[in-house]
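Peer 1: Dropping the structure in here first, questions after.
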Amino acid sequence: MKQKRKQTIALIAHDNKKAEIVNWALKNKTTLEKYDLCGTGTTAKLIAEATDLKVKRYLSGPMGGDLQIGGKVAERKIDIVIFFWDPLESQPHDPDVKALLRIAVVYDIPIATNRATADYVIHSTYIEN
């Protein structure tokens with residue numbers, strides 16, 4: 001009998017939102033332990049250090065990490081994206097950010113772009129864990 005894989009959550013945050021996503025991950029550590037986790041560069045590193053959770057690191061967002069995660073979404077290897085983005089700060093890699101948001105919509109996966117939505121998503125009865 002084939003064992004069902006654990007769902008994977010991608011964790012991403014712009015610079016001004018990194019402390020917020022780390023605090024959110026600490027608050028939700030028990031829930032996040034049930035998932036495979038990945039994230040972009042510094043965000044993944046900060047969450048792993050703060051929570052002692054294993055978080056697979058991709059490149060930083062500006063260096064292609066958002067695109068790497070988008071590729072994994074397209075391959076159906078990422079099931080949920082938690083992306084604390086900063087809508088008030090211009091990002092040099094804004095086209096990559098938009099591409100990631102677009103691919104999550106195309107593949108119909110939950111993508112939370114703030115704390116409130118992230119809480120709803122990971123505590124939803126629709127999410128398998």
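Peer 1: Would you check if Ala116 is under 11 Å from the mean Cα position of the chain (by Cα) and closer than 21 Å to Val22 by Cα? Steps first, answer last, please.
Peer 2: On the way: under 11 Å from the mean Cα position of the chain (by Cα): no; closer than 21 Å to Val22 by Cα: yes.
So Ala116 fails the test.
Peer 1: Identify, by number, the condition in (1) among the hydrophobic types (A, V, I, L, M, F, W, C); (2) open to solvent by 30 Å² or more (accessible area, probe 1.4 Å); (3) in contact (Cβ under 8 Å) with a residue 40 or more places away in the chain that Val106 doesn't meet.
Peer 2: (3)
Peer 1: Hey, can you tell me all the residues within region 47-101 that are modelled with pLDDT of 95 or more, open to solvent by 80 Å² or more (accessible area, probe 1.4 Å) and not in a loop (DSSP other than H, G, I, E, B)?
Peer 2: Glu49, Lys56, Arg57
Peer 1: Scanning for something surrounded by fewer than 21 Cβ atoms within 10 Å (Cβ to Cβ), closer than 22 Å to Tyr126 by Cα and at pLDDT below 95, does region 9-19 turn up at least one residue?
Peer 2: Checked region 9-19: no residue is surrounded by fewer than 21 Cβ atoms within 10 Å (Cβ to Cβ), closer than 22 Å to Tyr126 by Cα and at pLDDT below 95.
The values are calculated or read from the model by the stated rules, or taken from the named source; none is laboratory data. This structure is a prediction, so every number in the text was calculated from the model and none was measured. Cβ sites come from the backbone with ideal geometry, for glycine too, and all protein chains shown count toward neighbours. Protein only, heavy atoms only, side chains kept; ligands, DNA and RNA dropped before computing areas. Shrake-Rupley method; radii C 1.70, N 1.55, O 1.52, S 1.80 Å.
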